[in-house]
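Right, one structure below, let's go through it.
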Amino acid sequence: MSGATSRIPIMFNPLSAGFMEDPHPHYTEVRRHAPVHENPGGFWMVSRYEDVETLLRGDHSVDKRTARGATDSGRPQRLKGLALIDQDPPHHTRLRKLVSQAFTPRAMSGIEPVVRALVDEALEELGRAGGGDLVEALAFPLPFAVITRILGMPEVDTVRLRELTSLLIRLGEPGAGSGAKADIEAADAEMVELVSDAISRKRRARGDDLLTALIDAEDDGDRLTHDELVAQVAMLYVAGYETTVNLISGGILALLRHPEQLDLLRTTPGLERNAVEELLRYEPPVHLARRITLHPLLMAELTIPAGSVVLASLAGANRDENFWGPDADRLRLDRENARRHVTFGGGAHYCIGGGLARIQGRIAIGELVRRFPDLEQAGEVRWNGLLSLRGPARLPVRI
Ligand code: HEM
């Protein structure tokens, strides 16, 4: 550890008191006192807005094998490492081009009525019941149904697919525990089987959807191998699912905790778009992004050596007062530059589904607030226990 950091005992520690209930005071303390530090957990962390942007936009790797001291032996699974989120150029460039064709603004405008219909249905049910758990009633089923629709998945065991997705997300979290490896392998193998089965059925009933487009890419010689195809489908569930769940449920919770902002949203026509940006900034569904430095990086007068694992604190950068000003810690739905948050990352791996998440957030949160003027929390929130994908697992409301 370098001398500059050893003088400062404060560093990122998700086990610190109160972190699960509200991690932001800790992120702020770390950003202020150890904005760039080497952590005993075996990684570096950068927290300031500018440093996070520099790291994510820089010419670094996302492939764990490039880290100093990494071995290949820890990667027995078929899915791991093949999805574009884990790939460097030239593979990344090729895969991203294929997958992003389903996420163009034009494709997204076609999906908006689908989202609206699903939200309508969920809210009608919630209305009939007089309230309920918002996570189970709206935030969970919506993104799952939407990505299933975009892919054009044939009939599969959706209950099991949802369970496997949740399991893979949980097991992939930092600090998932030593017992996690065998569980990951088992969940991974089952996911491969389930997706492969969906692919073979799709071959017999093609459609105008992402899965058919990816199958065509597989058929077209060496553009996409079968394992790569399976990995992209699994990744879309994993990357697009719990993230959007947290945007909706975490966003609504933030509004319930700031009634004056909830009122502002209800009474200001057209504020939904900016409100979603501010909610994404204030309560980012993904807290951390990871890079492996390909060359030494000078930050805060410290040199991060090549081959280091570096975590970018997206949650920390989103509240950096040097960038956002003295009210960085406040939720302000009409914040002019809210859209400049780093919640979707940056650089070559910038989130492919940002547009889709925004549509779902805008419609789900906007409609809920508009339809139910007496919306209120009706019990304790239960957190999902995840570190990077932290969000409510249960949010009871009355309407
Ligand atoms: C609010 C919801 C979401 C958040 C906060 C979010 C966040 C992120 C972040 C931070 C990254 C960059 C990771 C990195 O740089 O290492 C990312 C990448 C990605 N996201 Fe999202 N995401 C969301 C929704 C979605 C959705 C709905 C989809 C698709 C269905 C999706 C698909 C992807 C993919 C495929 C990548 C990898 C892109 C690449 O490596 O080139 N995300 N997301």
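Some values worked out for this structure:
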| read-out | value |
| --- | --- |
| Residue among Ala289, Ala275, Ala315 that alone is in contact (Cβ under 8 Å) with a residue 60 or more places away in the chain, in contact with a Pro (Cβ under 6 Å, 6 or more places away or on another chain) and surrounded by 22 or more Cβ atoms within 10 Å (Cβ to Cβ) | Ala315 |
| Test set (1) of a type in the set (D, E, K, R); (2) outside any helix (DSSP H, G or I); (3) out of contact with any Pro (no Cβ under 7 Å at 6 or more places or on another chain) - Arg390 fails condition number | (3) |
| Residues of the range 334-383 classified as within 11 Å of the ligand (Cβ to nearest atom) and in a loop (DSSP other than H, G, I, E, B), total | 10 |
| Residue list for the range 339-358, restricted to those being surrounded by fewer than 19 Cβ atoms within 10 Å (Cβ to Cβ) and among the hydrophobic types (A, V, I, L, M, F, W, C) | Ala348 |
| Residues of the range 130-160 satisfying the condition of being more than 11 Å from the ligand (Cβ to nearest atom) and β-branched (Val, Ile, Thr) | Val135, Val156, Thr158, Val159 |
| Complete set of residues in the range 154-199 that are modelled with pLDDT of 90 or more and out of contact with any Leu (no Cβ under 8 Å at 6 or more places or on another chain) | Glu193, Val195, Ser196, Asp197 |
| Selected residue [crowded, with 18+ Cβ neighbours inside 10 Å and either at pLDDT below 85 or away from the ligand (no atom under 14 Å from the Cβ) (or both)] from His37, His33 | His37 |
| Given (1) of a type outside the set (Ser, Thr, Tyr); (2) touching a strand residue (DSSP E or B) at 6+ places or on another chain (Cβ under 6 Å); (3) over 17 Å from Gly132 (Cα atoms), index of the condition Gly354 fails | (2) |
| Residue satisfying condition, being at pLDDT below 90, surrounded by fewer than 20 Cβ atoms within 10 Å (Cβ to Cβ), not aliphatic (A, V, I, L, M) and not in a helix (DSSP H, G or I), within set Asp216, Asp208, Asp227, Asp222 | Asp208 |
| Failed item, numbered, when Glu163 is tested on (1) within 14 Å of the ligand (Cβ to nearest atom); (2) surrounded by 13 or more Cβ atoms within 10 Å (Cβ to Cβ); (3) without any contact (Cβ under 8 Å) to a residue 12 or more places away in the chain; (4) not polar (S, T, N, Q) | (1) |
| One residue from His60, His92 being touching a Ser or Thr at 6+ places or on another chain (Cβ under 9 Å), at pLDDT 90 or above and not acidic (Asp, Glu) | His60 |
| Selected residue (criterion: farthest from Asn246 (Cα to Cα)) from residues of the range 166-175 that are of a type in the set (Gly, Ala, Ser) and more than 13 Å from the ligand (Cβ to nearest atom) | Gly175 |
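The values are calculated or read from the model by the stated rules, or taken from the named source; none is laboratory data. Keep in mind it's a predicted model, so treat the numbers as computed, not measured. We place every Cβ from the backbone using ideal geometry, glycine too, and count neighbours over all the protein chains shown.
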